[in-house]
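*Asks:* Pasting a structure here, questions to come.
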Amino acid sequence: MNHKTILLVEDNPDDVELTRIAFAEAGSEHQLTVVSDGAEAVDYLLGRGRYADRNTADLPTLVLLDLNLPKLDGREVLQAIRAETATRSLPVVVLTTSAEPFDVDEVYALGANSYIQKPVEFERFVEVVRQIGLYWLALNQPPTTKP
Amino acid sequence: MPPHLVDDQDDARFRLAMASAGIGMAIVSLEGRFLDVNPALCRMLGRDSGELLGHLVHDISHPDDLPLTERLRQQLASGEIPSVDVEKRYTHRDGHVVEVQLNAALMRDADGAPQYVISQFRDVTAQRAAERALQAANDHLEQRVQERTAELEAAHRRLEAFAYGVSHDLRAPLRTIDGFAAQLARQAGEALDAQAHEQLARIRMASARMGTLIDSLLELARIGRAVLKPAPVDVSLLAEWVAAEMQDLHPARPALVHVQPGLEVVGDERLLKGLLTQLLRNAWQFSASRERVDVEVEGARNGHGLQFVVRDRGIGFDMAYAGKLFEPFQRLHGSEQGSGDGIGLTIAQQIAARHHGGIRAEARPDAGASFHVELRDLQVPGDNGDTHATPEVASA
């Protein structure tokens, strides 16, 4: 991929749509790739299953990961990709509805780079998305390791 | 024949002592036969002296204790040990087991050669039975406690799962409602008239209110099961901090806050900040119609904790309804008067209850309200501390 890609792992189509709108409103020019469950996220990132033909050297710049997902939940996705050399250092931002302290701590322990609670109010959500873009896609220096 | 002691006079004295002793006594030969027994021993074993004299100790010992009996006999008879103090079982004539604390000592003759054994038998059957009953009761109690603890833990887990479900599953649709309402308002532009835009705005306000309500419910659920972290807390500092947060939230509202410095209590700082937040938010809300928010926080320590009052000059309320103040979802004012979600004071009350105290309200319509808070010092952990969730609820 020549330009920066974000992988959004989200099963709720409304949230997917709103995230697309929010990225557009925030003026982001990144390509948003969406997978709708945890197993598909792992397949996509590691080039397995229906993504066996994908060039796995093309990793997204950032993964936005929901926690409550079908098949594999967000924690299991984190475990799976942190166990692989190729995706060990991939920046992962957990973007979820829960603000439970045990979720936050568990997810950091599993190797998440950031934890953000999705706000209910749309304008605040747009602001969150804008800040994510600003920090993770512009400001942050991503890992240089290639598989 | 009973053996002779040192002389006849001593012998007579010894026999008198044996005969009148309250505990069982016997003289036993080196090969383990009863040479002499006293009445107390006969009563203990339900046998008359004829059934015992000349018979082996083995014959009336509990079958399971025969190896022990033989070993002790050998060790005493050989002079390997001078005395024993063991617990041993015998068989009563009617067949029941007699548990005995046996004290036996080897007697030697003038030349130092082992001669016979003097044994004392203390019946501990009733004592052991009582101990076993107590142990069984303890085991049973422990099992009951474990069962109840497991039930409580399961209930806690269910509550936690419920709170989690509320957090996630109720908030997600709200985001959809608010997000698309916002989009609609933006995209429709002049295609919708002012009334339609107003209605969209109401939809969004309602979803925001429900978001706050869900947050409050979650906070209420967390207080009950929060593990307390007791430490000395400067309540005055917390009040100043929360007041500053309130002023940041409502920059257009003039506010005069006076906090008495040095109010301290041993408590959970995070929870106490929550308590002050609810009380000060309350003061701000019900001063909405005033030119200025006026709040005073003052108090004093008593022997075991802190009493303080948060006083405002807002619209107050009729004391006739004071009992409803701390009930969840009860509101004394309509939303046009700045009412909250009806959970705030319940949260504050629960936090005070976790500090073994409570909150009492005093007010007059249109003349401000005072919330009197009583907190007891929590025990610091390691100091036999109470760090468990306590189900008790203090009275308002």
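Read-outs throughout are calculated quantities, based only on the coordinates presented, and are distinct from any laboratory measurement. What you see is a predicted model; the values in this text were computed from it and never measured. A quick note on method: Cβ atoms are made from the backbone with ideal geometry, for glycine too, and the neighbour counts reach across all protein chains shown.
*Asks:* If you count, for every residue in B:176-184, the Cβ atoms of partner chains within 10 Å of its Cβ, what is the mean?
*Replies:* Per-residue shielding by partner chains comes out at 6.
*Asks:* For chain B, what is the calculated [θ] at 222 nm in deg cm²/dmol (nearest 500), taking -39500 (n - 2.57) for each run of four or more DSSP H residues and dividing by its residue count?
*Replies:* Per the formula, -14500 deg cm²/dmol.
*Asks:* Quick check on the range B:175-227: what does the Kirkwood estimate of hydrodynamic radius come out to from the alpha carbon pairs, in Å?
*Replies:* Averaging 1/r across every pair of different Cα atoms and inverting gives 12.7 Å.
*Asks:* Something else now. Enumerate by residue number the trypsin sites (Lys or Arg not before Pro) in the range B:152-208 meeting two conditions: DSSP loop (anything except H, G, I, E, B), and at most 15 other Cβ atoms within 10 Å of the site's Cβ.
*Replies:* none
*Asks:* Ratio to report: Rg/Rh of the range B:243-296, with Cα atoms as the point set and Rh obtained by the Kirkwood method; give two decimals.
*Replies:* 1.00
*Asks:* Under the definition of partner shielding as Cβ atoms of other protein chains within 10 Å of a residue Cβ, what is the mean value for peptide A:10-19?
*Replies:* For this peptide, the per-residue mean of nearby foreign Cβ atoms is 3.
*Asks:* Within chain B, which is the longest segment containing none of the GluC sites (Glu not before Pro) that sit in a DSSP loop and have at most 14 other Cβ atoms within 10 Å?
*Replies:* Counting at most 14 other Cβ atoms within 10 Å as exposed, the longest clean stretch of chain B is B:81-290.
*Asks:* Between residue B:244 and residue B:290, take the C-beta separation as r, use R0 = 22 Å, and let me know the FRET efficiency to the nearest 0.05.
*Replies:* 0.65
*Asks:* Here's something else I'd like to know. Given Cβ point charges of +1 (Lys, Arg) and -1 (Asp, Glu) and nothing else, what value in debye, to the nearest 20, does the dipole of chain A about its Cα centre take?
*Replies:* Values: 13 positive and 23 negative charges, 142 e Å.
For chain A, the charge dipole is close to 680 debye.
*Asks:* log10 I(q)/I(0), Debye, Cα-only the range B:152-295, no solvent, q = 0.13, 0.16 Å⁻¹?
*Replies:* Log-scaled intensity ratios, in q order: -0.84, -1.04.
*Asks:* For the protein assembly as shown, which semi-axes, largest first and in whole Å, follow from the square roots of 5 times the eigenvalues of its Cα gyration tensor?
*Replies:* Whole-Å semi-axes of the equivalent ellipsoid: 79, 38, 19.
*Asks:* If I build a Gaussian network model for chain B, linking alpha-carbon pairs within less than 10 angstrom, which residue out of B:244, B:77, B:255 has the largest mean-square fluctuation?
*Replies:* Checking each option, the largest mean-square fluctuation is seen for B:77.
*Asks:* Remind me, what semi-axes does the range A:11-73 give for its equivalent ellipsoid, largest first in whole Å, using sqrt of 5 times each Cα gyration tensor eigenvalue? It would help to have the intermediate numbers written out before the result.
*Replies:* On the way: eigenvalues 92, 52, 14 Å².
So the three semi-axes of the range A:11-73 are 21, 16, 8 Å.
*Asks:* Towards the positive end of the charge dipole of the protein assembly as shown, with charges on Cβ (+1 Lys, Arg; -1 Asp, Glu), say which of B:56, B:265, B:293 has the farthest Cα.
*Replies:* B:293
*Asks:* Can you give the average number of partner chain beta-carbon atoms within 10 Å of each beta-carbon in peptide A:64-72, as a whole number?
*Replies:* For peptide A:64-72, the averaged partner shielding equals 1.
*Asks:* Lys and Arg at +1, Asp and Glu at -1: add these up for the other residues within a Cβ distance under 12 Å of residue B:294 and post the number.
*Replies:* Cβ neighbours under 12 Å give a net charge of +2.
*Asks:* Quick one: among A:66, A:11, A:105, which has the greatest mean-square fluctuation in a GNM of chain A with alpha-carbon springs under 10 angstrom?
*Replies:* Of A:66, A:11, A:105, the Gaussian network model singles out A:105 as fluctuating most.
*Asks:* Related question: Across the protein assembly as shown, how many lysine pairs separated by 8 or more positions, or lying on different chains, have Cα atoms within less than 28 Å? Walk me through the numbers before you get to the answer.
*Replies:* On the way: A:4/A:71; A:4/A:118; A:4/A:146; A:71/A:118; A:118/B:273; B:229/B:273; B:273/B:324.
Taking the Cα cut-off of 28 Å, the pair count is 7.
*Asks:* What trypsin sites (Lys or Arg not before Pro) in the range B:225-327 are in a loop by DSSP, with at most 11 other Cβ atoms within 10 Å of the Cβ?
*Replies:* B:292
*Asks:* Sticking with this structure for a sec: Can you give the FRET efficiency to the nearest 0.05 for residue B:132 and residue B:21, using r as the Cβ-Cβ distance and R₀ = 35 Å?
*Replies:* Working: r = 27 Å, r/R0 = 0.79.
Plugging the Cβ-Cβ distance into 1/(1 + (r/R0)^6) gives 0.80.
*Asks:* Give the percent of DSSP beta bridges with both residues in the protein assembly as shown that are antiparallel, rounded to the nearest 5. Intermediate values should be presented prior to the final figure.
*Replies:* Numbers: 55 of 77 bridges.
Counting DSSP beta bridges with both partners in the protein assembly as shown, the antiparallel share is about 70 percent.
*Asks:* Let me ask another. Quick one: the Cα spread of chain A along its three principal axes, in angstroms, biggest first?
*Replies:* Principal extents (largest minus smallest coordinate, Cα): 38, 35, 28 Å.
*Asks:* Would you mind calculating the relative contact order of chain B from Cα pairs under 8 angstrom and at least 6 residues apart, reporting the percent as a whole number?
*Replies:* Contact order relative to length: 10 percent.
*Asks:* Say the dipole of the range B:39-188 comes from +1 at the beta carbon of Lys and Arg and -1 at that of Asp and Glu; which of B:138, B:74, B:150 then lies farthest toward its positive end?
*Replies:* B:150
*Asks:* Comparing A:121, A:40, A:29, which has the greatest mean-square fluctuation in the GNM of chain A with Cα pairs linked when under 10 Å apart?
*Replies:* Ranking A:121, A:40, A:29 by mean-square fluctuation puts A:121 first.
*Asks:* Compute the angle between helix B:344-354 and the longest alpha-carbon principal axis of chain B, please, reported from 0 to 90 degrees and rounded to the nearest 10.
*Replies:* For helix B:344-354, the angle is close to 20 degrees.
*Asks:* Net charge around residue B:264, counting only other residues with Cβ within less than 11 Å of its Cβ (Lys, Arg = +1; Asp, Glu = -1)?
*Replies:* -1
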